[in-house]
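For reference, the structure discussed in these notes is given below.
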Amino acid sequence: MTAVPAEEAPSWQDEILPILKSFDVRHLVYVPDAGHASAIREAEKDNGITSLALTTEEEGIGYLSGAWLGGERGALLMQSSGVGNCLNTLALQTMSRFPLLMLVTMRGDWAEFNPWQNPMGQATEAALKLMGVRTWRADQPEEVAHLVHGAATMAFNGDEACAVLLGQSLIGEKKWVK
């Protein structure tokens, strides 16, 4: 008798897009980032999702506001360094109360190799909270799906601004590459 290998559980990265699709997310906007690469690749292959690479993160907030006005849902994927670019634009969500779901890969966090990432990485959660964004942080792979699902529920059912912060320890230690 030959043993059949157990099917590997999907990685946390592979769980994100199916959760977003279960909430009828039709737009995925992002600034390219290795931590979000799996969701971005899968969204680009999916004819039911418009995926759009942004030049700067705050463009995503305006884009998602427009998608909502057109009757469709979306999510913004970015690094913590991009949160600083969005702070003023978050007032759009506060004033118009559209659902805003953000998934933020953290920099300036555990084992950061680039000191330029540290200031915004350390300020990300507090800055988002000061702008009225509800935040949750995942540092273990088993936390990701649960937190993304909960944040999407609150964003799309309550017209809230919600962010899941994905700790750098999830992605692994980054190193300078020559």
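Give me a count of the residues in the range 93-111 that are open to solvent by 10 Å² or more (accessible area, probe 1.4 Å) and out of contact with any helix residue (DSSP H, G or I) (no Cβ under 6 Å at 6 or more places or on another chain).
Count: 6.
Take the residues in the range 61-81 that are in contact with a helix residue (DSSP H, G or I) (Cβ under 8 Å, 6 or more places away or on another chain) and part of a helix (DSSP H, G or I), then tell me which one is farthest from TRP116 (Cα to Cα).
The extreme case among them is SER65.
Do you know which residues across the range 129-178 are in contact with a helix residue (DSSP H, G or I) (Cβ under 9 Å, 6 or more places away or on another chain), part of a helix (DSSP H, G or I) and modelled with pLDDT of 95 or more?
PRO141, GLU142, GLU143, VAL144, ALA145, VAL148, HIS149, ALA152
May I ask you to list the residues in the range 58-72 that are surrounded by 19 or more Cβ atoms within 10 Å (Cβ to Cβ), of a type outside the set (Gly, Ala, Ser) and more than 10 Å from GLN93 (Cβ to Cβ)?
Listed by number, the list holds a single entry, GLU58.
Among the residues of the range 118-144, which ones are among the hydrophobic types (A, V, I, L, M, F, W, C) and open to solvent by 30 Å² or more (accessible area, probe 1.4 Å)?
Step one: filter the range 118-144 for residues among the hydrophobic types (A, V, I, L, M, F, W, C), giving 120, 123, 126-128, 130-131, 133, 136, 138, 144.
Across the range 118-144, the qualifying residues are MET120, ALA123, ALA126, LEU130, MET131, TRP136.
The values are calculated or read from the model by the stated rules, or taken from the named source; none is laboratory data. No experiment lies behind these values; they were computed from the predicted model shown. All Cβ positions, even for glycine, are placed from backbone atoms using ideal geometry, and neighbour counts span all protein chains on display. To get the accessible areas, we keep the full protein, side chains included, count just its heavy atoms, and leave off ligands, DNA and RNA. Shrake-Rupley method; radii C 1.70, N 1.55, O 1.52, S 1.80 Å.
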